[in-house]
Amino acid sequence: MADRPVPSGKLSELVAVGFGDVGFPDSDLAHLLEPAHAALVLVDLQVDFCHPSGAFGRLGADLSGYRAVLEQSQRLLVAARAAGVLVVHLRNTELPGDRASSPAQRRFARKLQQRFRADGPFEPVCQVDSTGWEFMPEVAPEPGEPVMPKYRSSGFAGTPLDLVLRSNAVSTLVVAGATTEGCVESTARDAMFLDYAVVVAEDAVGSDEPALHEASMLLMRNRFDVVPAALLTALWKDEPWKEEL
């Protein structure tokens, strides 16, 4: 099969070509963030990960960094809603009886907690209908915003996230949430593998382990657009793409 020609012209003309041809790899950030083809994906901003009363707070993790993450994520959320950007909330979920966890997944989950309690007891995380499963109030979904339960680190594994994004002509994902080295990076990687452009809001992602956060950010800066949340909110507020439509 012959290679498809690289499109040129106004953003409106590029969009008409179809998914994957909205100007990248050479497009600037403003083009990538055009609201009709961008989505804000908020990853696991839930009580069990972000609040001292949640599972990781009870384990003794330092969650103080999430205050800033939640503030920046909230600003992104407000700007995305105002600009008409699709907002998707990923929700880490444990089914009753842990029915969605394989032996390998249970081993992985236990490994995460052994940093804090080598021999247990281990905390249940994001059990359906528990307080820890709830979203942090600062970034809670509004009616009509897709909420995507997930059972693995990546928001794409075993969920209809890709279907929802493609059905809404999304080609760029702005990713924020928790944790940087876990579900954020996993979701960002899978998005890239599925041919989405990925933009990571660098101050709207966080972890309870600074070293792991920094290692993940180093990796993602070499693979994705990684920019401050303030730049993203400014672009959505200024709507620079309208000059080219």
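Would you point out which residue out of Ala100, Ala83 is modelled with pLDDT of 95 or more and farther than 14 Å from Val170 by Cα?
Details: Ala100 fails: modelled with pLDDT of 95 or more.
Of Ala100, Ala83, the one residue that is modelled with pLDDT of 95 or more and farther than 14 Å from Val170 by Cα is Ala83.
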task: Within segment 38-45, identify whether any single residue is hydrophobic (A, V, I, L, M, F, W, C), in a loop (DSSP other than H, G, I, E, B) and under 18 Å from Gly206 (Cβ atoms), and answer yes or no.
output: yes
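Scan segment 46-73 for residues that are outside any loop (DSSP other than H, G, I, E, B) and in contact with a helix residue (DSSP H, G or I) (Cβ under 7 Å, 6 or more places away or on another chain) and report the count. Working first, answer last.
As a first pass, look at segment 46-73 and keep what is outside any loop (DSSP other than H, G, I, E, B): 46-50, 55-59, 66-73.
Keeping just the survivors that are in contact with a helix residue (DSSP H, G or I) (Cβ under 7 Å, 6 or more places away or on another chain) gives 46-50, 55-56, 59, 66, 70, 72-73.
The number of residues fulfilling the criteria is 12.
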- line: Residue hits (segment 122-146; under 26 Å from Ala104 (Cβ atoms) and exposed (fewer than 15 other Cβ atoms within 10 Å of the Cβ)) are Pro124, Val128, Asp129
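What about Phe156, is it modelled with pLDDT under 95, part of a loop (DSSP other than H, G, I, E, B) and hydrophobic (A, V, I, L, M, F, W, C)?
Values: modelled with pLDDT under 95: no; part of a loop (DSSP other than H, G, I, E, B): yes; hydrophobic (A, V, I, L, M, F, W, C): yes.
Spelling it out, it is not the case that Phe156 is modelled with pLDDT under 95, part of a loop (DSSP other than H, G, I, E, B) and hydrophobic (A, V, I, L, M, F, W, C).
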message: Exactly one of these conditions fails for Leu76: (1) of a type outside the set (Val, Ile, Thr); (2) on the phi > 0 side of the Ramachandran plot; (3) assigned to a helix (DSSP H, G or I). Give me its number.
response: (2)
Pick from segment 163-189, criterion in contact with a helix residue (DSSP H, G or I) (Cβ under 7 Å, 6 or more places away or on another chain) and assigned to a helix (DSSP H, G or I), ranking: farthest from Tyr66 (Cα to Cα): Ala188
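Given the criterion more than 18 Å from Ser153 (Cα to Cα) and either buried (at least 24 other Cβ atoms within 10 Å of the Cβ) or touching a residue at least 12 places away in the same chain (Cβ under 8 Å) (or both), identify the matching residue among Thr172, Thr179, Thr187. Steps first, please.
Values: Thr179 fails: more than 18 Å from Ser153 (Cα to Cα); Thr187 fails: more than 18 Å from Ser153 (Cα to Cα).
Criteria check complete, one pass: Thr172.
The values are calculated or read from the model by the stated rules, or taken from the named source; none is laboratory data. Owing to the predicted nature of the structure, the values given are computational and were not obtained by experimental measurement. Note: ideal-geometry Cβ built from the backbone for every residue, glycine included; neighbour counts use all protein chains shown.
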